[in-house]
């Protein structure tokens, strides 16, 4: 029997992409999953997919970057399931463009989604997760290791989550809550996924065809492994791990490597 059997897991931003893959993987291992997104029709579709293989899921629409909505989400989760064992803070958006070109709305959108969208549900969920001595996991990025050109707001927001997770781990040590952070490498993009353009408007992301791109299912597996082993952090891929180590030894060397390869980031931003 899986260690996750009969546990309740809430995955924010689980209407598509990595969040959807994590939710499905948790349900396959016996978790009751609470799906969350800003469009009821999308999370209802994921719920139906989970129920097709005999899994149990609830779908609750809420914009977790708003505190009142995040509070509603947690309250409805407890109402539906009676408890909460795992909170996976997956919701987030990226942006494209150099800072000099960005509309001010870009900064606000990215930080509202990536930072507030993780902090608000975490704060409200804490009393319930304390009761279960459960887990809170933050889905981060390799961009949290060293700021990336064209992704300054996104990099900064993910670095903010790192500091938040570190502080929270210490604060909740006495309550035996597991805090985890997964630094995700370049991952396959689901059809119609969007990012915030330099003008503040949403724009579609190009499909990633690189052979080194990870599948969303691989990210889900690593997230579950983090929970099962109650590890604090994990960095995906050998290149990501080397980047993390090298940045700790000499950030200046990482900066030089990025400058040398800046054309690659410009190509992805177009």
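Just so it is clear, none of the values below were taken in a lab; they were calculated from the coordinates. No experiment lies behind these values; they were computed from the predicted model shown. FYI the Cβ positions are ideal-geometry reconstructions off the backbone, even for glycines, and counts take in every protein chain you see.
By the count of neighbouring beta-carbon atoms within 10 Å, fewest first, 86, 111 end up ordered 111, 86. What the Cβ-Cβ distance of residue 202 and residue 256 gives, at R0 = 51 Å and to the nearest 0.05, is a FRET efficiency of 0.90. Relative to the longest principal axis of the Cα atoms of the chain, the long axis of helix 152-171 makes an angle of roughly 40 degrees. What separates the Cα centres of the range 114-153 and the range 1-50 is a distance of 17 Å. Can you tell me how the range 107-224 classifies by the Cα gyration tensor, rounded, prolate or oblate, using a/c under 1.5 as the rounded cut? The shape class here is prolate. With R₀ set to 30 Å, the beta-carbon distance separating residue 163 from residue 238 gives a calculated FRET efficiency near 0.70.
When the chain is treated as a GNM, springs tying every alpha-carbon pair under 10 Å, which of 60, 253, 181 comes out with the largest mean-square fluctuation? Greatest mean-square fluctuation among the candidates belongs to 253. Sorted on the mean count of surrounding Cβ atoms within 10 Å across their residues, most packed first, peptides 243-250, 145-152 read 145-152, 243-250.
Taking a point 7 Å from the Cα of residue 79 along the Cα-to-Cβ direction, the residues of the range 32-57 with backbone N closer than 17 Å to it are 34-37, 40. DSSP beta bridges confined to the chain are antiparallel in about 10 percent of cases. Placing a label point 7 Å from the Cα of residue 49 along the Cα-to-Cβ direction, the residues of the range 212-252 with a backbone N closer than 20 Å are 213-225. Take every Cα pair under 8 Å whose residues are at least 6 apart in sequence, average their separation, divide by the length of the range 8-269, and the relative contact order is 18 percent.
Computed from the coordinates I sent, Kirkwood radius over Cα pairs in Å equals one of [x] 18.8; [y] 20.0; [z] 21.1. Tell me the label. Computed from these coordinates, Kirkwood radius over Cα pairs in Å corresponds to label [x].
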